[in-house]
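Peer 1: One structure coming up, written as structure tokens, with questions to follow.
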Amino acid sequence: MAQESRRRLCIDFGTSNTAAAYRVGLGEPVIVPLGQGGPAMPSAVFAGDGSVVVGHDAVLRRLQAPDAFEDTPKSRIDDGEIELGDRFWPVEDLIGAVLRHVHQIALRHSGLPAFDSIVMTHPDRWSERRKNVLRRAAGRAGIPAETLRIASESLAAAWYYVYRGYDVSVAERMCVFDFGAGTCDVALLVRDGVDGFTVTGSGGDNHLGGRDLDARMIRWVHDEAAELDPDLPGRLRAPAAAIALADRVRTAKEALSDTAQAVIELPGTRHTLLLTRREFESMIGPFVERAVELTRDAIARADAAGTGPGGPVIVYVTGGTSSIPMLQSALSAVGRVARIGDPKVVVAQGGLLRSTNVVQGVDTQKVGAEVSARRIAFPQLPAGSVIAGVTVRDGQVVRVGEPLATADSPAGRVTIDAPVAGTLHGLDLRPGVAVQPGAVFAAVGPAGLRPDQWPRLHRTPAGTSPVRGHSGPVPPAPHRVVPQPVPAQPVLAQPVPEQPEKVNGFGLAGLIVGILGFPLCLGTIVGLVLTVVGITRAGGRRDALTTTALVVNVLGAVAWVAFVIWAVVSG
Ligand SMILES: Nc1ncnc2c1ncn2[C@@H]1O[C@H](COP(=O)(O)OP(=O)(O)OP(=O)(O)O)[C@@H](O)[C@H]1O
Ligand SMILES: [Mg+2]
């Protein structure tokens, strides 16, 4: 099937949360809104009355029969069968119920009749046995075996990183650090060829995750509660109170990534506890140290095995728990920490960006990321920068970082470099042309990319590098490929928004003058003129601002005309 029309779904079945995204052809990955107000849903299952309920519904029903509830079926993958309610359930049936639900929601959300391939992601260190459970679970979910693909979570994250316009040079290493709810997975990757990655080492701990932090906090709550009232810890351990407390503790933990303190209400009591970020950090210190140690170990093992370059490390953090600022600063001792996109949905989106050379059911450690189709825009260069020479031609295949042109800027001569690899299309670069940061000058992607597809592609700024030996000052902070942050917000039903449009200065002036100057007839006229100039300069395009300015000034003019007519008629 032609790449442009392939419909793919990726499901990241996590310990506590499941996320999914789909993609049609070379379009932007679309996140499936599985959560209530968020992209992910709980991976939980509730098996009562002979049927399995999943996600939020399972969480809602857990109080009815706590022993029929399993909040993390992924953590039970080795158990074979799980006792829930009054019977034993094969673990693949429970996971299959979650996958079936996600698949159905994705079909409904996309409006597609089916997906041509469905990618399931898994931790790097999973044994073949566990991957087989995942495959069987997909079968239980009604996913045909021939459409199923599996990919490692770290590779999916690396593909996402590159797709968002960042890159890893051949001298660097990428350490994907995925700290979720149940596991801490570390994988070391190096660039392999133009588009690929090779996993050179992995490490981590299958029993270290956000849930351990929650457990540590709950211990703290019990200790504090005992000081308030010695009977309190016992009451907090009652099933309903324990469930409510776990939720409140988790919410407080997540809030502390953004705030300096959080309040925890003790369920069934009038007591509250205040937890400061400082106290929280002293509590989780040992977990953070352990996570850093696991990262160092994985890197040291790869170094000892001599499986890749020994260059600088980019620590790409994913997984919800990696949102904790203390963890990120501790990891910065290992390498440059990068956090791109919503860590909960990076893997689900990245799994869609894989190459077609991943063979069904084969878990390969060496695959290429699909050539990213993008529009390339001029980078941020000082005003007055002009193209000096063009070094490529339309239709040429370029590599990441390959110079496309040189530009003379007031800060010196620089090259304008390809941010992604692929074939150049519609190249519009000529010597003497002024560099307009953000303006698109080419599309890049597979050789067969059609002009009608170009406008739908994500826009990525080109990189720049200083030209050595050229007289003139060197730009203060040249960047190798694409260091400028590219917007990487999660996509809910809509393509990722383009960079924000510039404010229409004339339109804004027209609005202000029109409103403030309304008491004077001249103010309205000047406001109207400014607004029309603003719209004309924007090529006739009206945005919300210029439309408002136009309406205000037209209404002002109508009011003045009416007033003059009234004044004349009434003498
Ligand atoms: N802002 C935050 N600060 C701290 N922890 C957070 C934050 N947001 C989410 N978490 C924690 O991250 C964990 C969920 O992360 P994620 O969804 O990546 O895990 P998962 O994919 O379910 O687990 P795993 O990858 O281990 O299988 C939970 O423990 C959650 O409490
Ligand atoms: Mg995960």
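Peer 1: Just going by the charge dipole of the chain, with Lys and Arg at +1 and Asp and Glu at -1 on Cβ, which of 151, 560, 226 is farthest out on the positive end?
Peer 2: Farthest towards the positive end: 560.
Peer 1: With labels modelled as points extended 7 Å from the Cα through the Cβ direction, what inter-label distance (nm, one decimal) is found for residue 562 paired with residue 64?
Peer 2: Here the answer is 6.1 nm between the modelled labels.
Peer 1: Can you work out the FRET efficiency for the pair residue 397 and residue 503, with r the C-beta to C-beta distance and R0 = 56 Å, to the nearest 0.05?
Peer 2: Numbers: r = 39 Å, r/R0 = 0.69.
So the FRET efficiency works out to roughly 0.90.
Peer 1: Sticking with this one: Over the chain, what is the mean sequence separation of C-alpha contacts under 8 Å (at least six apart), divided by residue count, expressed as relative contact order in percent? Present the calculation step by step, with values, prior to reporting the outcome.
Peer 2: On the way: 1194 pairs, mean separation 70.0, N = 571.
Value for the chain: 12 percent.
Peer 1: Just to be sure I understand: of the beta bridges DSSP finds with both ends in region 214-353, what percent are antiparallel, rounded to 5?
Peer 2: On the way: 5 of 8 bridges.
Roughly 60 percent of the DSSP beta bridges within region 214-353 come out antiparallel.
Peer 1: Which stretch or stretches of region 221-243 have amide N atoms under 13 Å from the point lying 7 Å from residue 255's Cα along the Cα→Cβ direction?
Peer 2: Output list for this probe position: empty.
Peer 1: Here is a further query. Out of all DSSP beta bridges in the chain, what portion is antiparallel? Express it as a percent rounded to 5.
Peer 2: On the way: 69 of 92 bridges.
Approximately 75 percent, going by the DSSP bridge assignments.
Peer 1: Next up: For region 41-77 and region 209-257, compute the distance between their C-alpha centroids and round to whole Å.
Peer 2: So the separation of the two Cα centres works out to 21 Å.
Peer 1: Can you find, among 54, 138, 118, the residue sitting farthest towards the positive end of the charge dipole of region 1-150, where Lys and Arg contribute +1 and Asp and Glu -1 at Cβ?
Peer 2: 118
Peer 1: So between residue 290 and residue 336, what do we pick up on full extension, going 0.36 nm a residue minus the alpha carbon distance? List each step's numbers first, then the result.
Peer 2: On the way: separation 46, 0.36 × 46 = 16.56 nm, distance 1.86 nm.
Taking 0.36 nm per residue and subtracting the Cα distance, the gain is 14.7 nm.
Peer 1: Right, something else. By the gyration tensor of its Cα atoms, with a ≥ b ≥ c the square roots of the eigenvalues, what is the shape of region 170-209: rounded for a/c under 1.5, prolate for a/b over b/c, or oblate? Numbers along the way, then the final one.
Peer 2: On the way: a/c = 3.43, a/b = 3.04, b/c = 1.13.
Because a/c hits 1.5 or more and a/b exceeds b/c, region 170-209 counts as prolate.
Peer 1: Quick check: residue separation of residue 436 and residue 238 times 0.36 nm, minus the Cα distance between them. What number comes out in nm? Please list the in-between numbers first.
Peer 2: Details: separation 198, 0.36 × 198 = 71.28 nm, distance 6.44 nm.
Extra length from residue 436 to residue 238 when fully extended: 64.8 nm.
Peer 1: Can you give the FRET efficiency to the nearest 0.05 for residue 271 and residue 544, using r as the Cβ-Cβ distance and R₀ = 51 Å? Before the final figure, lay out each step's value.
Peer 2: Details: r = 49 Å, r/R0 = 0.95.
After rounding, the FRET efficiency stands at 0.55.
Peer 1: Which aspartates and glutamates does residue 344 reach when only Cα atoms under 16 Å apart count, and residues fewer than 8 places away in its own chain are ignored?
Peer 2: Excluding near neighbours in sequence, the set is 12, 153, 178, 185, 254.
Peer 1: From the gyration tensor of the Cα coordinates in the chain, what semi-axes in whole Å does the equivalent ellipsoid have, largest first, with each one equal to sqrt(5λ)? Let's see the in-between values first.
Peer 2: Numbers: eigenvalues 430, 235, 129 Å².
Rounded to whole Å, the semi-axes are 46, 34, 25.
Peer 1: Now for a different question. Rounded to the nearest 500, what is the 222 nm mean residue ellipticity of the chain from helices alone, with -39500 (n - 2.57) per DSSP H run of 4+ residues and division by all residues? It would help to have the intermediate numbers written out before the result.
Peer 2: Values: 13 runs with 188 residues, N = 571.
Result for the chain: -10500 deg cm²/dmol, rounded to the nearest 500.
Peer 1: Turning to a different aspect of this structure: Roughly how many whole Å is it from the C-alpha centroid of region 116-157 to that of region 402-471?
Peer 2: Taking the Cα centre of region 402-471 as reference, the centre of region 116-157 is 38 Å away.
Peer 1: So if each residue of separation counts as 0.36 nm, and I subtract the Cα-Cα distance between residue 108 and residue 515, what length gain in nm does that give?
Peer 2: Working: separation 407, 0.36 × 407 = 146.52 nm, distance 4.72 nm.
141.8 nm is the gain from fully extending residue 108 to residue 515.
Peer 1: On to the next question. If I model a spin label as a point 7 Å beyond the Cα along the Cα-Cβ vector, how far apart are those points for residue 169 and residue 555 in nm?
Peer 2: 5.7
Peer 1: If you place +1 on the Cβ of every Lys and Arg and -1 on the Cβ of every Asp and Glu, how big does the dipole about the Cα centre of the chain come out, in debye to the nearest 20? Intermediate values should be presented prior to the final figure.
Peer 2: On the way: 56 positive and 56 negative charges, 325 e Å.
Dipole about the Cα centre, nearest 20: 1560 debye.
Peer 1: Taking the Cβ-Cβ separation of residue 79 and residue 57 as r and a Förster radius of 22 Å, what is the calculated FRET efficiency to the nearest 0.05? Spell out each step's value before the answer.
Peer 2: Working: r = 23 Å, r/R0 = 1.04.
Efficiency computed from Cβ-Cβ geometry: 0.45.
Here, each number is a calculation from the coordinates, and none is a lab measurement. In this text, all values refer to a predicted model and were calculated from it rather than measured experimentally. We place every Cβ from the backbone using ideal geometry, glycine too, and count neighbours over all the protein chains shown.
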